[in-house]
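Heads up, the thing below is written out as structure tokens.
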Amino acid sequence: MTASPAAPVIGHRTGLILVLMAGLCWSILGLFVRLMENPEAWAILFYRSLALSIFLFLVIAARSGGRPLAVYRRAGRAGVLGGLALVLAFSGSIVSVVNTTVANAMFLFATAPFIAALLGRVLIGERVRRATWIAMAVGLVGVAIMVAEGIAVGHLFGNAAALVSALGFALFTIALRSGRNDDMLPAVSLGGLFMTAVALAICLGGGVSLALSTNDTLLALGLGVCQLGFGLSLYTIGSKALPAAELTLLAMTEVVFGPLWVWIFLGETASPWTWVGGAILIAAITGNALGRLRHRPPPLAP
């Protein structure tokens with residue numbers, strides 16, 4: 001049997017740049033959805049997920065030397081469970097951006113690391129530092145402010161969908177940790193396939209038309225390739241050179257730039273309470289990530 005080619009070794013600076021670029025890719029979600037003429041969430045999910053699946057299949061085929069099915073088999077149960085979790089993450093992200101402000105959605109997406117820490121403790125017995133529990137409590141205050149503000153202005157459904165998305169990404173993280181699978185691309189590709197099937201079934205069963213305008217179809221396909229496919233490919237490569245705590249901090253570029261793009265290009269602003277709650281949440285995440293960097297755990301033995 002021919003050995004698969006070794007993954008290229010990259011330095012810390014290169015990894016840092018790649019992860020920052022991944023966050024920038026993810027941050028365009030709100031802008032692309034706002035540029036759509038008639039944003040129908042489930043039709044967008046169908047085209048975005050289809051494009052993501054095709055793109056990542058080609059990437060995996062290229063990286064595996066033309067043997068993509070072997071890579072999917074190696075993903076195993078963790079890959080399948082991770083893909084199913086991404087159905088929640090993908091659907092919640094689009095539904096939230098359609099039904100609330102981009103700032104609200106992005107800030108609530110940022111609860112995923114805290115949810116992952118809590119579920120990691122409950123499901124797979126991962127120890128949670130006391131400082132992380134404190135940070136989660138502080139972050140919860142920020143989330144409560146945003147959710148309460150959302151109820152007042154009629155954004156409760158969109159805020160709830162954003163939290164469902166964060167839960168999905170947290171479950172995806174737990175699936176990867178439980179399988180000790182450091183390559184997320186097969187699981188993400190499977191998530192795209194599952195989401196394509198679910199979105200198609202909902203559209204057909206609920207009478208939702210898949211006939212988007214040319215503008216909306218191209219934007220949805222662009223989200224699949226650029227926002228998710230390209231972004232997650234960069235993140236996967238960059239994560240090889242960076243510790244998990246640093247990844248958590250760098251991935252916050254999505255939360256920072258997401259509301260910024262729609263403000264610069266479309267003039268969409270959020271209420272003062274959204275920014276207050278978001279600032280509290282970001283401060284909690286940043287403090288927790290910096291604390292983990294100062295007390296970096298030893299790497300796992302191979």
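The values are calculated or read from the model by the stated rules, or taken from the named source; none is laboratory data. The structure displayed is predicted, hence computed values, not measured ones. Heads up, the Cβs are rebuilt from the backbone with ideal geometry, glycines too, and the neighbour counts pull from every protein chain shown. Keep in mind that these areas ignore ligands, DNA and RNA; they rest on the heavy atoms of the full protein, side chains included. Shrake-Rupley method; radii C 1.70, N 1.55, O 1.52, S 1.80 Å.
Observations on the structure shown:
- Inter-residue pairs, beta-carbon under 6 Å, first touching a residue at least 40 places away in the same chain (Cβ under 8 Å) and in the range 16-34, second of a type in the set (Gly, Ala, Ser) and open to solvent by 10 Å² or more (accessible area, probe 1.4 Å), 6+ apart: 23/251
Okay, residues lined up against (1) under 23 Å from residue 273 (Cα atoms); (2) buried (at least 21 other Cβ atoms within 10 Å of the Cβ); (3) of a type in the set (Asp, Glu):
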position: 101; (1), (2), (3): yes, yes, no
position: 104; (1), (2), (3): yes, yes, no
position: 137; (1), (2), (3): yes, no, no
position: 161; (1), (2), (3): yes, yes, no
position: 175; (1), (2), (3): no, yes, no
position: 178; (1), (2), (3): no, no, no
position: 189; (1), (2), (3): no, yes, no
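- Residue in the range 106-129 that is least open to solvent (accessible area, probe 1.4 Å), counting only those that are part of a helix (DSSP H, G or I) and out of contact with any helix residue (DSSP H, G or I) (no Cβ under 9 Å at 6 or more places or on another chain): 122
- Condition check for residue 183: charged (D, E, K, R), in contact with a helix residue (DSSP H, G or I) (Cβ under 7 Å, 6 or more places away or on another chain) and open to solvent by less than 60 Å² (accessible area, probe 1.4 Å): yes
- Condition met for residue 209 (among the polar types (S, T, N, Q), open to solvent by less than 40 Å² (accessible area, probe 1.4 Å) and at pLDDT 85 or above): no
- Among the candidates 33, 19, 87, 71, residue that is modelled with pLDDT under 90, within 25 Å of residue 194 (Cα to Cα) and either open to solvent by less than 80 Å² (accessible area, probe 1.4 Å) or not β-branched (Val, Ile, Thr) (or both): 71
- Any hit, the range 144-153, residues being of a type in the set (Val, Ile, Thr), part of a helix (DSSP H, G or I), under 24 Å from residue 73 (Cβ atoms) and at pLDDT below 90: no
- Scan of the range 178-225 for residues that are hydroxyl-bearing (Ser, Thr, Tyr) and outside any loop (DSSP other than H, G, I, E, B), ordered by number: 178, 189, 196, 214, 217
- For the range 276-289, filtered to residues that are hydrophobic (A, V, I, L, M, F, W, C) and modelled with pLDDT under 85, the residue that is nearest to residue 143 (Cα to Cα) is 281.
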